[in-house]
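Contents: one structure, followed by commentary.
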(Lines give C-alpha, C1' and ligand atoms only; values in the text may rest on other atoms or scores of the structure.)
Protein backbone atom coordinates (compact mmCIF):
# COMPACT_ATOMS: atom_id res chain seq x y z
CA UNK A 1 0.00 0.00 0.00
CA UNK A 2 1.45 3.32 -1.00
CA UNK A 3 1.93 5.92 1.72
CA UNK A 4 -0.42 8.45 0.13
CA UNK A 5 -1.83 11.20 2.37
CA UNK A 6 -5.24 9.48 2.31
CA UNK A 7 -3.79 6.09 3.27
CA UNK A 8 -1.80 7.66 6.10
CA UNK A 9 -4.93 9.43 7.32
CA UNK A 10 -6.85 6.16 7.16
CA UNK A 11 -4.28 4.45 9.35
CA UNK A 12 -4.27 7.32 11.83
CA UNK A 13 -8.04 7.19 12.15
CA UNK A 14 -7.99 3.42 12.67
CA UNK A 15 -5.61 3.89 15.56
CA UNK A 16 -7.62 6.57 17.36
CA UNK A 17 -10.78 8.67 17.28
CA UNK A 18 -12.24 10.91 14.57
CA UNK A 19 -9.97 13.47 12.93
CA UNK A 20 -11.14 16.82 11.60
CA UNK A 21 -9.20 18.22 8.70
CA UNK A 22 -9.98 20.71 5.95
CA UNK A 23 -13.63 21.03 6.93
CA UNK A 24 -14.10 17.25 6.91
CA UNK A 25 -14.33 14.70 9.72
CA UNK A 26 -12.76 11.28 9.12
CA UNK A 27 -13.72 8.24 11.21
CA UNK A 28 -14.18 4.49 11.14
CA UNK A 29 -17.62 2.83 11.38
CA UNK A 30 -18.08 -0.93 11.24
CA UNK A 31 -14.51 -1.31 10.05
CA UNK A 32 -15.00 1.07 7.13
CA UNK A 33 -13.32 4.41 6.60
CA UNK A 34 -15.91 7.23 6.54
CA UNK A 35 -15.87 10.98 5.93
CA UNK A 36 -18.43 13.77 6.33
CA UNK A 37 -18.52 17.55 6.49
CA UNK A 38 -17.47 18.81 9.92
CA UNK A 39 -19.93 21.68 10.00
CA UNK A 40 -23.51 21.00 9.06
CA UNK A 41 -25.38 23.76 7.26
CA UNK A 42 -27.27 26.02 9.60
CA UNK A 43 -31.05 25.88 9.40
CA UNK A 44 -32.31 28.76 7.33
CA UNK A 45 -33.99 31.37 9.50
CA UNK A 46 -37.68 31.84 8.84
CA UNK A 47 -38.80 34.97 7.04
CA UNK A 48 -41.39 37.33 8.50
CA UNK A 49 -43.89 35.98 5.98
CA UNK A 50 -43.25 32.39 7.10
CA UNK A 51 -43.58 33.38 10.77
CA UNK A 52 -46.88 35.15 10.05
CA UNK A 53 -48.22 32.15 8.11
CA UNK A 54 -47.26 29.74 10.89
CA UNK A 55 -48.84 31.98 13.52
CA UNK A 56 -52.08 32.17 11.55
CA UNK A 57 -52.07 28.42 11.03
CA UNK A 58 -51.67 27.89 14.79
CA UNK A 59 -54.57 30.26 15.46
CA UNK A 60 -56.85 28.41 13.03
CA UNK A 61 -55.90 25.12 14.69
CA UNK A 62 -56.90 26.55 18.06
CA UNK A 63 -60.17 27.85 16.61
CA UNK A 64 -60.86 24.45 15.05
CA UNK A 65 -60.51 22.77 18.44
CA UNK A 66 -62.93 25.24 20.01
CA UNK A 67 -65.34 24.82 17.09
CA UNK A 68 -65.39 21.04 17.47
CA UNK A 69 -66.06 21.44 21.17
CA UNK A 70 -69.02 23.69 20.34
CA UNK A 71 -70.67 21.45 17.73
CA UNK A 72 -70.04 18.14 19.49
CA UNK A 73 -70.89 15.19 17.24
CA UNK A 74 -72.48 17.25 14.46
CA UNK A 75 -70.41 16.21 11.40
CA UNK A 76 -70.66 19.47 9.46
CA UNK A 77 -67.16 19.71 8.02
CA UNK A 78 -66.65 15.95 7.79
CA UNK A 79 -69.65 15.75 5.47
CA UNK A 80 -68.50 18.82 3.53
CA UNK A 81 -65.04 17.27 3.07
CA UNK A 82 -66.58 14.09 1.70
CA UNK A 83 -68.78 16.05 -0.69
CA UNK A 84 -65.93 18.16 -2.03
CA UNK A 85 -63.25 15.46 -2.07
CA UNK A 86 -61.12 17.28 0.50
CA UNK A 87 -58.58 15.12 2.30
CA UNK A 88 -59.55 16.21 5.83
CA UNK A 89 -62.32 18.19 7.47
CA UNK A 90 -59.89 20.43 9.35
CA UNK A 91 -58.04 21.24 6.12
CA UNK A 92 -61.30 22.29 4.47
CA UNK A 93 -62.21 24.43 7.49
CA UNK A 94 -58.79 26.08 7.24
CA UNK A 95 -59.13 26.75 3.51
CA UNK A 96 -62.45 28.55 4.08
CA UNK A 97 -61.56 30.41 7.27
CA UNK A 98 -57.79 30.87 7.38
CA UNK A 99 -57.97 34.45 6.12
CA UNK A 100 -60.68 35.33 8.65
CA UNK A 101 -58.47 35.03 11.73
CA UNK A 102 -55.56 36.93 13.23
CA UNK A 103 -52.89 35.37 15.46
CA UNK A 104 -53.67 35.72 19.15
CA UNK A 105 -56.97 37.42 18.33
CA UNK A 106 -59.28 34.88 16.72
CA UNK A 107 -61.90 35.78 14.12
CA UNK A 108 -61.79 39.36 12.85
CA UNK A 109 -63.68 39.02 9.53
CA UNK A 110 -66.95 37.72 10.98
CA UNK A 111 -68.98 38.36 7.83
CA UNK A 112 -66.59 36.22 5.76
CA UNK A 113 -66.31 33.40 8.30
CA UNK A 114 -68.06 30.15 7.34
CA UNK A 115 -69.59 28.37 10.31
CA UNK A 116 -70.89 25.62 8.03
CA UNK A 117 -70.47 24.42 4.46
CA UNK A 118 -72.29 21.83 2.40
CA UNK A 119 -74.54 20.97 -0.52
CA UNK A 120 -77.96 21.89 0.85
CA UNK A 121 -79.53 25.17 -0.28
CA UNK A 122 -78.15 28.12 1.63
CA UNK A 123 -80.65 30.04 3.82
CA UNK A 124 -82.02 33.25 2.31
CA UNK A 125 -82.19 35.51 5.33
CA UNK A 126 -84.98 38.12 5.47
CA UNK A 127 -84.50 39.75 8.85
CA UNK A 128 -82.95 39.52 12.29
CA UNK A 129 -84.50 41.03 15.40
CA UNK A 130 -83.06 41.14 18.87
CA UNK A 131 -84.64 41.81 22.23
CA UNK A 132 -82.10 41.47 25.01
CA UNK A 133 -80.58 38.03 24.58
CA UNK A 134 -83.49 36.73 22.53
CA UNK A 135 -82.94 36.70 18.77
CA UNK A 136 -85.47 36.03 16.01
CA UNK A 137 -84.33 35.09 12.52
CA UNK A 138 -86.60 34.95 9.47
CA UNK A 139 -85.77 33.41 6.11
CA UNK A 140 -87.46 32.91 2.76
CA UNK A 141 -88.53 29.55 1.36
CA UNK A 142 -88.74 28.65 -2.30
CA UNK A 143 -91.96 26.78 -3.02
CA UNK A 144 -91.30 23.22 -4.19
CA UNK A 145 -87.78 23.15 -2.77
CA UNK A 146 -89.06 24.22 0.62
CA UNK A 147 -91.58 21.38 0.55
CA UNK A 148 -88.84 18.93 -0.41
CA UNK A 149 -86.56 20.10 2.39
CA UNK A 150 -89.25 21.01 4.91
CA UNK A 151 -87.86 18.73 7.62
CA UNK A 152 -84.35 20.19 7.55
CA UNK A 153 -83.16 21.09 11.02
CA UNK A 154 -82.25 24.66 11.99
CA UNK A 155 -78.91 25.59 13.55
CA UNK A 156 -77.48 28.92 14.62
CA UNK A 157 -73.78 29.30 15.25
CA UNK A 158 -72.64 32.45 17.01
CA UNK A 159 -69.80 34.44 18.54
CA UNK A 160 -70.02 37.05 21.25
CA UNK A 161 -68.19 40.08 19.88
CA UNK A 162 -66.04 40.00 23.01
CA UNK A 163 -65.01 36.36 22.44
CA UNK A 164 -63.80 36.00 18.84
CA UNK A 165 -61.94 32.79 19.67
CA UNK A 166 -64.93 30.94 21.14
CA UNK A 167 -67.59 29.77 18.65
CA UNK A 168 -70.91 28.56 20.05
CA UNK A 169 -73.84 26.62 18.61
CA UNK A 170 -77.58 26.72 19.25
CA UNK A 171 -79.75 23.83 18.01
CA UNK A 172 -83.23 25.22 17.40
CA UNK A 173 -85.60 22.58 18.69
CA UNK A 174 -89.09 22.00 17.23
CA UNK A 175 -88.32 24.24 14.25
CA UNK A 176 -87.70 23.20 10.63
CA UNK A 177 -86.78 24.94 7.41
CA UNK A 178 -90.41 25.19 6.30
CA UNK A 179 -91.29 27.31 9.35
CA UNK A 180 -89.35 30.25 7.93
CA UNK A 181 -88.67 31.62 11.39
CA UNK A 182 -86.71 30.72 14.52
CA UNK A 183 -86.44 32.35 17.92
CA UNK A 184 -83.51 31.47 20.17
CA UNK A 185 -82.43 32.54 23.62
CA UNK A 186 -78.69 33.16 23.75
CA UNK A 187 -77.16 32.67 27.21
CA UNK A 188 -75.63 35.91 28.46
CA UNK A 189 -72.52 34.16 29.81
CA UNK A 190 -71.78 37.22 31.92
CA UNK A 191 -71.43 39.45 28.86
CA UNK A 192 -72.57 43.10 28.89
CA UNK A 193 -76.17 43.37 27.67
CA UNK A 194 -75.17 45.46 24.64
CA UNK A 195 -72.59 42.93 23.40
CA UNK A 196 -73.02 42.45 19.63
CA UNK A 197 -73.74 38.90 18.45
CA UNK A 198 -72.34 37.45 15.24
CA UNK A 199 -74.86 34.86 14.03
CA UNK A 200 -74.63 32.08 11.43
CA UNK A 201 -77.86 30.41 10.30
CA UNK A 202 -77.61 27.05 8.52
CA UNK A 203 -79.68 23.93 7.90
CA UNK A 204 -79.01 20.23 8.29
CA UNK A 205 -80.85 17.14 7.09
CA UNK A 206 -82.79 15.02 9.55
CA UNK A 207 -80.11 12.32 9.30
CA UNK A 208 -77.21 14.77 9.64
CA UNK A 209 -75.81 13.56 6.33
CA UNK A 210 -76.07 16.91 4.53
CA UNK A 211 -75.70 20.54 5.59
CA UNK A 212 -76.07 23.95 4.02
CA UNK A 213 -73.55 26.79 3.94
CA UNK A 214 -74.08 29.25 6.76
CA UNK A 215 -75.36 32.78 6.21
CA UNK A 216 -74.07 35.59 8.44
CA UNK A 217 -75.94 38.35 10.22
CA UNK A 218 -75.15 40.79 13.03
CA UNK A 219 -77.48 41.28 15.99
CA UNK A 220 -76.79 44.43 18.01
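Considering every residue within the range 133-141, establish whether at least one is more than 16 Å from residue 74 (Cβ to Cβ) and at pLDDT below 95. Taking every residue of the range 133-141 in turn, at least one turns out to be more than 16 Å from residue 74 (Cβ to Cβ) and at pLDDT below 95. With respect to being surrounded by fewer than 16 Cβ atoms within 10 Å (Cβ to Cβ), modelled with pLDDT under 95 and on the phi < 0 side of the Ramachandran plot, residue 194 fits the description.
The set of residues in the range 127-161 being assigned to a helix (DSSP H, G or I) and touching a residue at least 24 places away in the same chain (Cβ under 8 Å) consists of 145, 146, 147. Across the range 64-79, what is the total count of residues that are within 26 Å of residue 206 (Cβ to Cβ) and within 8 Å of the chain's Cα centre (by Cα)? Final tally of qualifying residues: 0.
Screening residue 69 on (1) over 30 Å from residue 117 (Cβ atoms); (2) surrounded by 10 or more Cβ atoms within 10 Å (Cβ to Cβ); (3) out of contact with any strand residue (DSSP E or B) (no Cβ under 9 Å at 6 or more places or on another chain); (4) at pLDDT 75 or above shows it passes everything except condition (1). Summed over the range 163-177, residues that are surrounded by 13 or more Cβ atoms within 10 Å (Cβ to Cβ) and more than 27 Å from the chain's Cα centre (by Cα) total 3. Got a sec? Which of 61, 82 is free of Cβ contacts under 8 Å to residues at least 40 places away in the same chain, at negative phi and within 13 Å of the chain's Cα centre (by Cα)? Criteria check complete, one pass: 61.
The values are calculated or read from the model by the stated rules, or taken from the named source; none is laboratory data. Note that the structure is a prediction, hence the values are computed from the model and not measured. Heads up, the Cβs are rebuilt from the backbone with ideal geometry, glycines too, and the neighbour counts pull from every protein chain shown.
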